[in-house]
C-alpha cells in the first residue's frame, strides 16, 4: 500500500510539472533538496538564541541593548527574501520589521544578536538554499 501511495504521489507530481501547474514561487519544489541542512542549522540557532534570551530574562540587571538596523540581502527572488526574513524572526531576540528589495530592517534585543546577523552567515545560507548564485 505504501509503495502504491508513493507511486501515486510521484506520478501526480510528474504530471503537474509537465502541465506547468507548479511554478517556482507558488510551489517552491526546487528548494526541497537544499532546505533540510538549512533547517537543521536554523533549528540549532533557534535553540542557542532561546538559551540566550532565557539568560537575559532571568538576569536581574536585564542586560539588553535594543537596536534597529538594516542588513543587506543577497537573495534574488521574493521567496528567498521571505525565507531570510522569516528565519530572522524565528530566532528569538530578533525580528524582521520590513523587507525591501535590497535590505531588511531588523530589531535586535542585544548587540550579540545584531552582530550575528551582520556577519552575513544566515544570508549566505539562505542564498544557497535559494539556489540563484
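Of these, 93, 80, which one is surrounded by 15 or more Cβ atoms within 10 Å (Cβ to Cβ), on the phi > 0 side of the Ramachandran plot and either modelled with pLDDT under 95 or under 11 Å from the mean Cα position of the chain (by Cα) (or both)?
93
Inside region 41-83, can you point out the residues that are in contact with a strand residue (DSSP E or B) (Cβ under 7 Å, 6 or more places away or on another chain) and within 17 Å of residue 119 (Cβ to Cβ)?
Of everything in region 41-83, those that are in contact with a strand residue (DSSP E or B) (Cβ under 7 Å, 6 or more places away or on another chain) and within 17 Å of residue 119 (Cβ to Cβ) turn out to be 67, 69, 70, 71, 72, 73.
Test residue 53 against the criterion of being modelled with pLDDT of 90 or more and either assigned by TED's automatic domain parsing to the domain that holds residue 11 or assigned to a helix (DSSP H, G or I) (or both), and give yes or no.
On the way: modelled with pLDDT of 90 or more: yes; either assigned by TED's automatic domain parsing to the domain that holds residue 11 or assigned to a helix (DSSP H, G or I) (or both): yes.
For residue 53, the condition - modelled with pLDDT of 90 or more and either assigned by TED's automatic domain parsing to the domain that holds residue 11 or assigned to a helix (DSSP H, G or I) (or both) - is met.
Can you say whether residue 45 is in contact (Cβ under 8 Å) with a residue 60 or more places away in the chain, surrounded by 14 or more Cβ atoms within 10 Å (Cβ to Cβ), touching a helix residue (DSSP H, G or I) at 6+ places or on another chain (Cβ under 7 Å) and on the phi < 0 side of the Ramachandran plot, as far as the supplied structure shows?
no
Check whether at least one residue in region 115-126 is at pLDDT 90 or above and in a loop (DSSP other than H, G, I, E, B), and report yes or no.
Yes, region 115-126 contains a residue that is at pLDDT 90 or above and in a loop (DSSP other than H, G, I, E, B).
Considering only residues that are crowded, with 21+ Cβ neighbours inside 10 Å and more than 15 Å from residue 89 (Cα to Cα), which ones fall in region 99-133?
Of everything in region 99-133, those that are crowded, with 21+ Cβ neighbours inside 10 Å and more than 15 Å from residue 89 (Cα to Cα) turn out to be 129, 130.
For the subset of region 14-29 comprising residues that are assigned to a loop (DSSP other than H, G, I, E, B) and modelled with pLDDT under 70, which member is surrounded by the most Cβ atoms within 10 Å (Cβ to Cβ)?
Among those residues, the one meeting the criterion is 28.
Does residue 88 fit the bill of being over 18 Å from residue 39 (Cα atoms), crowded, with 20+ Cβ neighbours inside 10 Å and without any contact (Cβ under 8 Å) to a residue 40 or more places away in the chain?
no
The values are calculated or read from the model by the stated rules, or taken from the named source; none is laboratory data. Since the model is a prediction, treat every value here as computed from it, not as a measurement. Note that we place each Cβ from the backbone using ideal geometry, even for glycine, and neighbour counts take in every protein chain shown.
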